[in-house]
Amino acid sequence: MSSELNIIEGESTPITKPAPATHADVKAKVESKNWFYTDIVKDHFFNPRNILINDADAEKLEFDGVGMVGSPACGDGMKMWIKVDKKNDKIVDCKWQTFGCASAIGSTSMLSVMVTENGGVPVQKALELKPMDIMNRLGGLPNRKFHCSVLGDKALRAAINDHFRRSGQTERIIVEGARIIDPDLKITDKDIEEAVLDGADTIEKVQHKLKVGVFNKSCLPAVEELIRFYKEKYFG
Amino acid sequence: MTEKTIYLDNAAATPMRQEVKEAMDPFYVDVYGNPGSFNSVGHEALQQVDEARKTAARILNCAERELIFTGGGTESINLAIKGVAFAKKKGHIITTTVEHHAVLHTCEWLEKQGFEITYLPVDRCGLVTPEQVRDAIRPDTILVTVMYANNEIGTIMPIPEIVKVCKEKRVLFHTDACQAGCSQNLNVKELGVDMFTLNGSKIYGPKGVGLLYVRLGVQLEPLVHGGGQEGGKRGGTENVAGIVGFAKALELSQKEKEQENTRLIKLRDYLTAGLLQHIPKAVLNGHPTKRLPNNVNVSILDIEGEALTLLLNEHGICASTGSACTSGSLEPSHVILATGLPYEFAHGSIRFTMGRDTTKEDIDKVLEVMPAAVQRLRAISPYNLKLEEYISKEEQQAMMEQYTKVIVQ
């Protein structure tokens, strides 16, 4: 697999390829403060949109759903609040908090914009969002940062499920895939299936995409088994 | 945006000195000969390589033929460990859990080839004891390799004491001294080591040049076979410019060693005290005194090191982190985990390694920027961890007291 990103065409945001993420060491004596992120990621990192600074505001703003994914031990953690216009079944506000690297912060920030722009996004549309959509809007993420957009997406889904639960729409709750493989990161067999379909054919490559089992190693045998299963299923 | 770059990543790479560059310049275009050639152009190159070897031998207090120039610290380490392993064909090797990956991955590879490896655990400060080494030595132990100073947390290992144990037990000893080149004792006779690795790019010299001292009598299989260069231990035409630059850099850094150590230790303790005072829930990684003069490494709860590094970078401050996010493997620092701290601390670790150019003004700038940067990330973090859940109040207090003592001295 090449070190460059697979980018889906058709988004309005100009897409620039990120620098290959092979070396993270900081350069000395540089005029510009180059990093290996796109300008859009940097912009969302330095000027994050829709942050919930004060936990007390969560009460005041009367959110309809809240979701959380990750843990400080994993190195990434995201919490997302949504407000839903119930009459039109639209997400009208989205606030968040993130512990993690610049791309994790950038991904959550971008996602919060994506689900609230143009006067709000129908809940159904929000559920159809894919991690790849977040990444495309960010102008790409280095390969091994892809999991950041996966986590953002999962936090949003958790918040939407919470909204369904609170508003009594239990039939709309989406049970994550069939089963959760990595309980810390809520990675499911479906995520692994998608990663394999996307060309990740070894545990290392799947981990680069999903970060699955990096912290919670007890799930690694299950991950390996699934990779083997999906490889055989799709590639013979 | 024309802020001065405050480069605090000297453990990763030191800027090459102007004098070193000037010493190297003639050997690219003008003195192009092969030191192995029997003609005047080649002879000129050979003389300069010999001269450089003499300089290095004088500083390390060894014979010139005990020195092998290599393609860097990693290659020297590979040659030392695999070279002994291949010469002995089988056996047991002892190392530590906090070594650089050049050592760890070499040892792991040898494990696959049938060698047995013991990875000694370290204490909270990153130290192994000579007793641990003694207890681990077996009749079939062929090599002990322990780093001189840690690249991440700066802890200085008790090398002479470990060497004493190895000598008693008649086991070969190698040390990866890549991080120790500027500040520590490099006299291999005084240290008593059998093998000793140095790296040009950590001593204000060129990248891609390393040195391996191998005591006469130590059997070593070469890894690179070729034209018999470096006493037959490392084939390939000598990197003349690199070797000349390496020797120059080593010589210059030795000259100012004492003076620089005194200056840097003051700055190090000033920076550490400032960070611990002004940033809540921050802890020092490594040892308060047995540490490199230029190394400060702290872990900060609730935030992630890569994001912090990026914020600092925006202020022109170049630092490093042990966070998983900057590692290729997505695993956080094995060193910080090895000291017994949980993952949360490894993700939130930040390393400042000062250098010759670092001034008090630079450190003041770091101390000005850091608390605000941490506060900014904490404001958007969903976590508010309690330090005492990870480190007891008593341990925290003891650490602070020990540290305050250091500062007062």
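The values are calculated or read from the model by the stated rules, or taken from the named source; none is laboratory data. Everything numeric here is computed off the predicted structure, so don't read it as measured data. Please note: Cβ atoms are built from the backbone with ideal geometry, for glycine as well, and neighbour counts cover all protein chains shown. In case anyone asks, the SASA skips ligands and DNA or RNA and just uses the protein heavy atoms, side chains included. Shrake-Rupley method; radii C 1.70, N 1.55, O 1.52, S 1.80 Å.
Within segment B:287-305, the set of residues being surrounded by 24 or more Cβ atoms within 10 Å (Cβ to Cβ) and within 14 Å of chain A (Cβ to nearest Cβ) comprises B:299, B:300, B:301, B:303, B:304, B:305. Checking B:217, B:231 one by one, the residue that is part of a loop (DSSP other than H, G, I, E, B) and either out of contact with any Pro (no Cβ under 7 Å at 6 or more places or on another chain) or without any contact (Cβ under 8 Å) to a residue 24 or more places away in the chain (or both) is B:217 and no other.
Identify the residue in segment B:167-182 that is assigned to a loop (DSSP other than H, G, I, E, B) and more than 14 Å from residue B:292 (Cβ to Cβ) and, among all such residues, is least open to solvent (accessible area, probe 1.4 Å). Checked segment B:167-182; the qualifying residue least open to solvent (accessible area, probe 1.4 Å) is B:171. Tally time: how many residues in segment B:43-75 are farther than 20 Å from residue B:180 by Cα, among the small types (Gly, Ala, Ser) and either surrounded by fewer than 23 Cβ atoms within 10 Å (Cβ to Cβ) or touching a Cys at 6+ places or on another chain (Cβ under 6 Å) (or both)? Within segment B:43-75, residues that are farther than 20 Å from residue B:180 by Cα, among the small types (Gly, Ala, Ser) and either surrounded by fewer than 23 Cβ atoms within 10 Å (Cβ to Cβ) or touching a Cys at 6+ places or on another chain (Cβ under 6 Å) (or both) number 1. Candidates in segment B:306-326 are the residues that are within 8 Å of another protein chain (Cβ to nearest Cβ) and assigned to a loop (DSSP other than H, G, I, E, B); of these, the one that is surrounded by the most Cβ atoms within 10 Å (Cβ to Cβ) is B:323. Looking at A:64, A:55, just one residue is in contact with a strand residue (DSSP E or B) (Cβ under 9 Å, 6 or more places away or on another chain), at the interface with another protein chain (Cβ under 9 Å from one of its Cβ atoms) and among the acidic types (Asp, Glu), and that residue is A:55.
Of everything in segment A:32-52 that is modelled with pLDDT under 80 and facing chain B (nearest Cβ under 8 Å), the residue that is surrounded by the most Cβ atoms within 10 Å (Cβ to Cβ) is A:35.
Counting only residues that are at positive phi, in the same structural domain as residue B:213 (by TED's automatic domain parsing) and open to solvent by less than 10 Å² (accessible area, probe 1.4 Å), segment B:227-286 holds 0 of them. When residue B:354 is tested against (1) away from chain A (no Cβ under 14 Å); (2) under 16 Å from the mean Cα position of the chain (by Cα), only condition (1) is not met. Restricting to segment A:175-232, and then to whatever is open to solvent by 40 Å² or more (accessible area, probe 1.4 Å) and among the polar types (S, T, N, Q), can you tell me which residue is farthest from residue A:74 (Cα to Cα)? Of everything passing the filter in segment A:175-232, A:202 is farthest from residue A:74 (Cα to Cα). Checking each residue of segment A:146-157 against the condition of being in a helix (DSSP H, G or I) and more than 25 Å from residue A:38 (Cα to Cα) gives at least one match.
Is it the case that residue B:377 is assigned to a helix (DSSP H, G or I) and touching a residue at least 12 places away in the same chain (Cβ under 8 Å)? Here the answer is yes, as residue B:377 does meet what is asked.
A Cβ distance below 7 Å, combined with a sequence gap of six or more or placement on separate chains, defines the contacts here; from segment A:185-203, residues that are under 16 Å from residue A:157 (Cβ atoms) and in a helix (DSSP H, G or I) reach residues that are open to solvent by less than 30 Å² (accessible area, probe 1.4 Å) and not polar (S, T, N, Q) in the pairs A:189/A:181; A:189/A:226; A:191/A:150; A:191/A:210. Among the residues of segment A:113-128, how many are buried (at least 19 other Cβ atoms within 10 Å of the Cβ) and assigned to a loop (DSSP other than H, G, I, E, B)? Within segment A:113-128, residues that are buried (at least 19 other Cβ atoms within 10 Å of the Cβ) and assigned to a loop (DSSP other than H, G, I, E, B) number 3. Looking only at segment B:11-70, residues that are hydroxyl-bearing (Ser, Thr, Tyr), assigned to a helix (DSSP H, G or I) and closer than 28 Å to residue B:256 by Cβ come to 1 in all.
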